[in-house]
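Sharing a structure below in structure tokens format, with a few things to ask.
The values are calculated or read from the model by the stated rules, or taken from the named source; none is laboratory data. Owing to the predicted nature of the structure, the values given are computational and were not obtained by experimental measurement. Cβ coordinates were reconstructed from backbone atoms using ideal geometry, including for glycine residues, and neighbour counts include every protein chain displayed.
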Amino acid sequence: MKKNLKYFLKNKLSNKYLEYVPSSFDIVGDIMIFSEFPEQLRKYEKLIGKTILDNYHNVKVVLKKTKKYSGKYRTPGLKVIAGEKRKETICKENDVFLKLDVEKVYFSSRMGNERNRIVNMVKPKETVLIMFSGCAPYPLVIAKNTKSKEIYGIEINPVAHKYALENIKKNKLEKRVKLFLGDVEKVLPKINKKFNRIAMPLPKGGENYLNLALKHIKSKGIIHFYDFLHEDEFYKAEDKIKKACNKAKKRYKIIRTVRCGQYSPGFYRVCADFKAI
């Protein structure tokens, strides 16, 4: 994919329309997804889709987003503009295979490097909890690439949970990964366990669950709190952590705050790693 899409379309679209051709897209398995597809190109979407299939040979389906992430499960609306009439695929990330429907399951391929960052921090024999575990990318990547003892995942979306169970079997990691379906606020108290490490990869609103995470983290355990913030307001992540820790009467220490993906111009997904003392 060294040559960009505009190169392949330069003899098919006028300069007027070439300007609108998106330069950014996501690849999940054999599916290409355009988050932004300008209205000006709507009458050319089939031409653009066919050009992609002719030149990007690993791509079998081309989708464009028709609705932003929304609803209880934070899933998008997607339309097939070229290729096979499906939205299910299998992708490989950090030595694990993940099967999912990209319209029915929240998943960001751009978080692959962030998941690998977490992997590199997990120590042998740790017990790890992934709140909002989706189709299980975090649990599987951690189980496959670390010597952790156990990884727990909790997911409210039944479709994502179904794929997660299938993915555990596909990757032969049933013995170390335990998955639960339901609202994390109801499921986690029933598990009645404390963890060395908790990751909270919720797209938005994770601060509402910090108090719950603090109840289930071991002393000196690490929590990875995710948020979407403007580049001038990264300090707000620590403010939210401070507020939750004060309410729970817990001491804490911020280890680092990192960018792990751009959400929109000037806005980023950030992760604040902190230790509960």
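Could you tell me whether any residue of the stretch 11-27 is assigned to a strand (DSSP E or B), surrounded by 18 or more Cβ atoms within 10 Å (Cβ to Cβ) and at pLDDT 95 or above?
Filtering the stretch 11-27 for residues assigned to a strand (DSSP E or B) gives 26-27.
With the extra rule that they be surrounded by 18 or more Cβ atoms within 10 Å (Cβ to Cβ), the set shrinks to none.
No, the stretch 11-27 contains no residue that is assigned to a strand (DSSP E or B), surrounded by 18 or more Cβ atoms within 10 Å (Cβ to Cβ) and at pLDDT 95 or above.
Listed residues 275, 242; which is free of Cβ contacts under 8 Å to residues at least 24 places away in the same chain and under 22 Å from residue 129 (Cα atoms)? Show your work before the answer.
Working: 275 fails: free of Cβ contacts under 8 Å to residues at least 24 places away in the same chain.
Every option except 242 fails the conditions.
Please enumerate the residues belonging to the stretch 241-260 that are surrounded by 13 or more Cβ atoms within 10 Å (Cβ to Cβ) and under 19 Å from residue 231 (Cα atoms).
Once the filter is applied, which keeps residues that are surrounded by 13 or more Cβ atoms within 10 Å (Cβ to Cβ) and under 19 Å from residue 231 (Cα atoms), the stretch 241-260 yields 241, 254, 255, 257, 258, 259, 260.
I would also like to ask the following. Quick one: count up the residues across the stretch 229-240 that are modelled with pLDDT of 95 or more and exposed (fewer than 15 other Cβ atoms within 10 Å of the Cβ).
1
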